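Undergrad: Have a look at this one before I ask anything.
Just so it is clear, none of the values below were taken in a lab; they were calculated from the coordinates. Small disclaimer: the values here were computed from a predicted structure and weren't measured. Neighbour counts run over all protein chains shown; Cβ positions are idealised from the backbone, glycine included.
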Amino acid sequence: MFPYVIIAILKVILVRNSINSFDKDGLMDIKTSIKQTKEKNFDNKFKVTRRTFLKVGSAVAAAAICGFELKRLYAVDDDLDPDPDVGDTGVEVIRTACMMCNAGCGMQIKVKDGVALKIEGNPFCPHTNDYSTAGSEAVLSDISEPDKYSGTPCARGNAGLKTLYDPYRVKQPLKRTGARGEGKWQAISWKQAFDEIINGGTLPGGTFVGLKAIRGTPDSSKRASEKLGTNDTAYASETKDGNPANFGFKANQYVWVRGRDQISQITKRFNDSYGTVNHIEHSSLCNTNYALPAKTTFTGPKSAKYSYMRVDLDNIEYLILFGTNPLEANVGTPYWARKLMLFKANGGKLIVVDPFFTHTASKADQWVSIKPGTDLTMLMGMMRWIIDNNRYLSNYLQIPNESDANSAGYKNYTDAAFLVKTEDGKGEEFLNASEAGLSEGVTTLSANISSSDKIISVQNTSTFPSKGFVKIGDEIIYYPEKNDSANTLGTSSSGCTRGSFNTKAASASTGASVVIPFVVRKANGSIVLYSGANSATLDWSGTVNGHECSTSFKLLKDQVTSKTLEEWASLCGVSASAIQTLADELSRGDKKSCVEAYRGAWGHTNGYQTSRAVNILNTIIGRSDRVGGYCLGTRFGGKEPSRPVSSGLTSGVRIDRAGSKYEGTVASPTRQWYPVASVVTQEAIPSMAVGYPYKCKALMFYTHNPAYTQPNSKGIRDALTKKDGNSYVIPLVVSCTIFMDETAALSDYILPDTTYLERYSLPFTSYPTLKTKAATIMRPVIGSYKDISIEGRPARIYIPDGSSLDGSSFNSVDELFEAWNGPMPYDEQLIQIAKKLDLPNFGANGMGTGKHLDTAYQFWNEVLALGDFANGLSNEGASGTPGDSKETYMVMGGRWENPAQVEDPNASGWAKNRYGDLISVFSEKVAHSKNALTGEEYSGVPVWEEPNIGLKGNKPEDTGYEYTMNTYKRAWHVQSRSTSNEWLLELQPEGFIYLNFSDASSLGVLTGDTVKVTSPNGQSTEGKARVINGLRRKSIIIDFHFGREWFGSKAYTVDGEDSVYDPKIGVGPNGNLLQRGDPDFPDICLTDPISGQACFYITKVKIEKT
């Protein structure tokens, strides 16, 4: 069948490259192009054998995903017999999770005599296989001979073997002997590496202090205790009361930054126990503008846990995709490929909104070529038409509480009718019962409460609803029941949820006001508690008890109707008639419809509001929690083991200022603060380089390569090499990685990690692509286990293939380090470092009395056992080798509900696993925040802003740079981690610079010509042009993944000997070097001031033929 797969791929190529015109609306009718393609003849010119690399992939998925020339697809190591027969001597199948991207698809690995030979899809995992179960949850008997009949991974997943056995992996700890970036290293032992990192040492250019001295003297519970002082900062005036102690512990001078952290439970435990608030994860470089809009829309106030929502691909009938290309670059690519093809085969209609004719667009019914960064205007235009034409679900939106929503047949409800206090038309905060002049729902505390109390004693509960929300100070609390006789909110059987609606749990004193935080206006004009009306006025503004107010819906409507449909259309470069048609089809109600957006739509400075608009649009047309609509996914999970010391571990302000409100004694801070954001990764390292808001002394990277992957990556390189005299401003930089990547090359120590096939992780599955409960278990598939004694306590430890541990009894961590050779899993590294530092929550009784934390195996065994996997790892490794556990979920590689049962059998039309809580149209959290540099208050409802504005409100000076640059991910590569993968490089050995045919013609450029792209930040890159018609004019696209400076593309020296390298790995352009810096902070990229999202898609450039 594979010759036909290649023919299908070539058809996609021709469709993509034969587009010659668009209609007057800037749209492409894809069916016409496909018809033209079918009239052409194809010859199969590819030799496809049993050993072809893509044999292990799915024909359907390959045809859907692959969209341009695939080079010789021969398997690289035919002599290894990469497809051994199950049942042959020495052959076993071990199931685990893939992490070649972040989807966590289930994989099964064929291992023979300790060597991994083939990666296939786990047929029990719905990411890679469609099936149904006999019962409510998958069991082994649901799939006949699963070892033989595998699921379907993508090319990246198949190629994981070439990452596992990559010849360019770092295999031993390295210490820098030259300048940072010079490529000169010394091989050292694990003991020496950690002795120096912990206790301090000497490097070229001077000495540095280690983690122990940075942390300072701990208290009696081993917690960090010393606070930062005047010698630790030049910006004391920019903290509360001008007191540098408010910046927190000295331990904050150690900063930890990670990329794809597959072991966050242990990394967070380590950093918290050390005492640093600077556990900086990578989300602002990834999906912050997916997460924060979810957190402020689907807030989950009953549980104080927000939910991700995505389209139900199993049942969707009409789908609009904004700025996302799931056939190449979205979590769960094999799943998306199968489901989208089935969706199309069943007559579904797909609309793709993107400046680039992506591979997903090639499968669409219509491609909308939008102006980059203006997706929000199209969404606002669609909502304008929907509101003007009464296509929103008014009966649903008018219901202001859960009880009446359920009675009316709805499984969630909104704040659309809640009254919001306004000032000059801007929503400020919800009007509460006391402010509305009501006597109901108003009382005071009758006893003090702490931030952890679950039962709230008040003076009188008689006027409060049986369940609901109260506000005490700035905190909103959910109580699931009350006791009128005891006058308590919350009971011993059903305690309160603290810190609801993104507020923080806090203590309060007797006499403090307790009020119902939400009120509504009834049709007769009366103001009542939100719980006291089964329907409320939706579109209203006026005065209540002296307060100017609007409903949440009215605030939204005011912004949506602030421009005409034609004005919105003009801003995005799409005709008003096209927007009207899409809004009409989406909201007509005759199809299961949904809008989905991802990074391309919200990777801009206005991206937070864009993503919020998507959430709200799906909500006002009633598609949230609906089958074939906008739904969540749930996981079987684990649970972090007990922390014997859990309170008071960290203190102060993060180096990126995420989650902190500016409270300095001077009016305006030196750099931006981000009170709503959870992380601003791109701020961390440049801020360290300028000592803001305090000086830092050590930086550790884990699976993170910002010197290549971060937009405006020159800012990172400059920060890591900045000096004060002869010494680096950041004195100690450590990278834990599997490769000599661009950031590791700028570090002082490199600690070799293991791949995802050589570690454990919390049961994993993707963002809510799956709508049934699921979890894959990541575990080692090669290597060995050893039962050891450490400090007199028994433990089991995993040893990767190629590593060794001499001996089995160790009196100390130092003895274990001395005996270890080869790469060490990072979770193991952290546990041993923690013990060497004598941190709480590690070592003897580190997980509670009698539960020791001496090895990573012990940690993950406890994580699983405390969660949904009662027997933990179930004695995995007892035989000394991976895959020997007989526990069903270990054999299957996880747990999965019946993937065919998306709909609730007891509630027709509703998803079984659903959000089922209040949906926020207005976000008080955001409305309470402001831009610390400009004083501008943020909007609690979506509002239009230009897509390329700096943090101080200034627009970059881009005169002479007329092209807009976007980056693009390929289906066969993943971020930066796969560039050296031999099989994936065979699919595409270098990246391209894509140009519109008309633009290329004016420049005299043909496909294959070398062109130079230059950015206003002074950086340039060169690469081969690929001329296409499927791209908006004056836009260019640069493939991600390529243009590597290191990563195996050139040699470095270890003890005077050159490493192996292949210069072909470095071929191609590097788009991140070109990304625009902020006009006032050129060391960071353009950044969304609300969420902290890094912007990848709006840089202006100029291009020339070389």
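Undergrad: Determine the percent antiparallel among the DSSP beta bridges restricted to the chain, to the nearest 5.
TA: Among the beta bridges of the chain, antiparallel pairing accounts for roughly 70 percent.
Undergrad: Moving to a separate point now. I want the antiparallel fraction of DSSP beta bridges within segment 775-887, as a percent rounded to 5.
TA: Details: 10 of 13 bridges.
So the antiparallel bridges amount to about 75 percent of the total.
Undergrad: Related question: Along the charge dipole of the chain, which of Leu438, Ala417, Leu864 sits closest to the positive end, that is, farthest toward it, with unit charges on the beta carbon of Lys, Arg, Asp and Glu (+1, +1, -1, -1)?
TA: Ala417
Undergrad: About the Cα centre of segment 563-688, how large is the charge dipole given +1 on each Lys and Arg Cβ and -1 on each Asp and Glu Cβ? Please answer in debye to the nearest 20.
TA: Details: 15 positive and 11 negative charges, 93 e Å.
Value, rounded to 20: 440 debye.
Undergrad: Magnitude of the Cβ-charge dipole of segment 801-843, K/R +1 and D/E -1, about the Cα centre, nearest 20 debye? Walk me through the intermediate numbers first.
TA: Numbers: 2 positive and 8 negative charges, 29 e Å.
It comes to approximately 140 debye.
Undergrad: Do any trypsin sites (Lys or Arg not before Pro) in segment 1028-1070 lie in a DSSP loop with no more than 10 other beta carbon atoms within 10 Å, and if so, which? Write down the numbers at each step before the final one.
TA: Working: sites: Arg1032, Arg1033, Lys1034, Arg1044, Lys1050, Lys1064; in loops: Arg1032, Arg1033, Lys1034, Arg1044, Lys1050.
In loop regions of segment 1028-1070 (DSSP not H, G, I, E or B), there are no sparsely surrounded trypsin sites (Lys or Arg not before Pro).
Undergrad: Still on this structure, please answer the following. Between Asn545, Pro823, Ala508, whose Cα lies farthest towards the positive end of the dipole of the chain when Lys and Arg beta carbons carry +1 and Asp and Glu beta carbons carry -1, centred on the Cα centre?
TA: Of Asn545, Pro823, Ala508, it is Asn545.
Undergrad: Related question: With a point put 7 Å past each Cα toward its Cβ, work out how far Ser809 is from Asn483 in nm, to one decimal.
TA: 5.6
Undergrad: Work from the charge dipole of segment 776-867 (Cβ charges, +1 for Lys and Arg, -1 for Asp and Glu, about the Cα centre) and give the residue of Ser812, Asn841, Met778 farthest towards its positive end.
TA: Met778
Undergrad: Counting other C-beta atoms within 10 Å, which of Trp860, Trp385 has the fewest, and how do the rest follow? Each step should come with its number before you reach the end.
TA: Numbers: Trp860 28, Trp385 21.
Arranged by neighbour count, lowest to highest, Trp860, Trp385 become Trp385, Trp860.
Undergrad: Cα gyration tensor of segment 775-887, axes a ≥ b ≥ c as square roots of the eigenvalues: rounded (a/c below 1.5), prolate (a/b > b/c) or oblate?
TA: On the way: a/c = 1.75, a/b = 1.15, b/c = 1.53.
Judged from the Cα gyration tensor, segment 775-887 comes out oblate (a/c at least 1.5, b/c at or above a/b).
Undergrad: Another question, then. Could you tell me whether the chain comes out rounded, prolate or oblate from its Cα gyration tensor? Rule is a ≥ b ≥ c as square roots of the eigenvalues, rounded for a/c under 1.5, then prolate if a/b exceeds b/c, otherwise oblate. Show your work: numbers first, answer last.
TA: Working: a/c = 1.34, a/b = 1.10, b/c = 1.22.
Rounded shape, in that the Cα axes give a/c under 1.5.
Undergrad: Determine, for Glu328, Glu585, Glu196, the number of other Cβ atoms within 10 Å of each Cβ, and report the residues in order from fewest to most. Intermediate results must be reported in sequence, preceding the final value.
TA: Values: Glu328 23, Glu585 16, Glu196 20.
Result, fewest neighbours first: Glu585, Glu196, Glu328.
Undergrad: If you place +1 on the Cβ of every Lys and Arg and -1 on the Cβ of every Asp and Glu, how big does the dipole about the Cα centre of the chain come out, in debye to the nearest 20?
TA: Numbers: 119 positive and 121 negative charges, 200 e Å.
Approximately 960 debye in magnitude.
Undergrad: Still on this structure: Which shape class, rounded, prolate or oblate, goes with segment 568-630 when its Cα gyration tensor gives a ≥ b ≥ c as root eigenvalues, a/c under 1.5 marks rounded, and past that a/b bigger than b/c marks prolate?
TA: Details: a/c = 2.49, a/b = 1.21, b/c = 2.07.
Oblate is the answer for segment 568-630, as a/c is 1.5 or above yet b/c matches or exceeds a/b.
Undergrad: Shifting gears a bit: For the chain, what is the calculated [θ] at 222 nm in deg cm²/dmol (nearest 500), taking -39500 (n - 2.57) for each run of four or more DSSP H residues and dividing by its residue count? Numbers along the way, then the final one.
TA: Values: 28 runs with 232 residues, N = 1106.
After summing the helix terms and dividing by the residues of the chain, the value is -5500 deg cm²/dmol.
Undergrad: Ok, one more. Scan around Lys482 for amide H atoms under 5 Å from its own, H built in the peptide plane at 1.01 Å from N, and keep only partners 5 or more places away or cross-chain.
TA: Amide H neighbours of Lys482, under 5 Å, 5+ apart: Gly490.
Undergrad: Per 0.36 nm of contour for each residue apart, how much would the distance between Asp1055 and Asp241 grow if the chain were fully extended, relative to their Cα-Cα spacing? Intermediate values should be presented prior to the final figure.
TA: On the way: separation 814, 0.36 × 814 = 293.04 nm, distance 5.19 nm.
The span from Asp1055 to Asp241 would gain 287.8 nm if fully extended.
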